[in-house]
Amino acid sequence: MDARLVSYEEKMTKTMHNLEEEFGGIRAGRANPHVLDKLRVDYYGTPSPIQSVANVSVPEPRMIQIQPWEASLVKAIEKAILTSDLGINPTNDGKVIRLIFPELTEERRKELAKDVKKHGEDAKVAIRNIRRDAIDHIKKMGKADGISEDEIKGLEDDMQKLTDKFVADVDKAVDVKTKEILTV
């Protein structure tokens, strides 16, 4: 890989990581503690991730158990879950909060599969935009630095190969997540 293309490869890698984080937040009928990653709880005036103020575990395939380190946080965590877009009502016994994930209906599975494909398309658009920026940069650099046409063409080909690799990675990730969601 040409050193001049490394920063663009890093941007594409970040796009892939963002996609994987998005997929981690999509629930597939099984309890996945990552659905809580974006939720914040007011902890002494500081918005904190639930995982940093409580023990989060998955005792059963369709249940997440949240045990706050301080009993006073039970209400705050419950409120954060209720105001989120999770669509799950928490239950608590005063010390522990439980989230029970219902079985997904066929219709909901198909909806989630569409969301996964949309996230995948968005990631591919982002990767192609990075490629476009890189090729524009290569052409400007070629004029400014007097780089030969052959070298410019070589860099553009390398950028296209890198783009193709990341687009294939996105397609693979979308296929895996779609299969996970549609599996009953």
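Between Lys161 and Val176, what is 0.36 nm times their sequence separation minus the Cα-Cα distance? Round to one decimal in nm. Each step should come with its number before you reach the end.
Numbers: separation 15, 0.36 × 15 = 5.40 nm, distance 2.27 nm.
Full extension from Lys161 to Val176 adds 3.1 nm.
R0 = 25 Å: FRET efficiency of Lys140 with Glu10, Cβ-based, nearest 0.05?
Working: r = 20 Å, r/R0 = 0.79.
Step by step, r from the Cβ atoms, then E = 0.80.
Sort largest first and round to whole Å: the equivalent ellipsoid semi-axes of the stretch 141-184, each the square root of five times a Cα gyration tensor eigenvalue.
Details: eigenvalues 313, 11, 3 Å².
Result for the stretch 141-184: semi-axes of 40, 7, 4 Å.
Heavy atoms only, probe 1.4 Å: what % of the accessible area of the stretch 69-184 goes to carbon and sulfur, would you let me know? Working shown, then result.
Numbers: 3800 of 7190 Å².
After summing per-atom areas, the C and S share lands at 53 percent.
Averaged per residue, what accessible area in Å² does the stretch 94-184 show with a 1.4 Å probe, protein chains only?
Values: 5580 Å² over 91 residues.
I get 61 Å² per residue for the stretch 94-184.
When only C-alpha pairs under 8 Å and at least 6 residues apart count, what is the relative contact order of the stretch 71-184, in percent?
Values: 66 pairs, mean separation 29.7, N = 114.
Relative CO of the stretch 71-184 lands at 26 percent.
In whole Å, what is the distance between the alpha-carbon centres of the stretch 77-154 and the stretch 155-175?
Computed from Cα coordinates, the inter-centre distance equals 16 Å.
Students often check this: by mean Cβ neighbours within 10 Å, which of 161-172, 38-49 ranks highest, and how do the rest follow? Mind showing how you got there, number by number?
Working: 161-172: 15.8, 38-49: 14.1.
Sorting 161-172, 38-49 by mean packing, highest first, produces 161-172, 38-49.
For Arg132 and Asp150 in one chain, what is 0.36 nm times their gap in residues minus the Cα-Cα distance, to one decimal in nm? Walk me through the numbers on the way to the answer.
Details: separation 18, 0.36 × 18 = 6.48 nm, distance 1.87 nm.
Length difference between fully extended and current span is 4.6 nm.
What distance in nm separates the simple spin-label points at Thr183 and Ala71, each placed 7 Å from Cα in the Cβ direction?
4.2 nm
From the phi angles alone, apply the Karplus equation (6.51, -1.76, 1.60; θ = phi - 60°) to the stretch 125-138 and give each ³J(HN,Hα) in whole Hz, x where the residue is Gly or Pro.
4, 4, 5, 5, 5, 5, 4, 4, 4, 5, 5, 4, 5, 4
At each listed q (0.18, 0.21 Å⁻¹), what is the log10 of I(q)/I(0) that the Debye formula gives for the stretch 76-169 modelled as equal alpha-carbon point scatterers?
The calculated log intensity ratios at q = 0.18, 0.21 Å⁻¹ are -0.89, -1.03.
For all pairs of alpha-carbon atoms in the chain, what percent lies in each bin of width 5 Å, listed from the first bin to the last filled one?
1, 8, 14, 14, 12, 11, 10, 9, 7, 6, 4, 3, 1, 0, 0
The values are calculated or read from the model by the stated rules, or taken from the named source; none is laboratory data. Bear in mind that the values here come from a model prediction, so they are computed numbers and not experimental data. Quick reminder, even Gly has a Cβ in these numbers, built from the backbone with ideal geometry, and neighbours come from all protein chains shown. Only protein heavy atoms, including side chains, enter the accessible area calculation; ligands, DNA and RNA are left aside. Shrake-Rupley method; radii C 1.70, N 1.55, O 1.52, S 1.80 Å.
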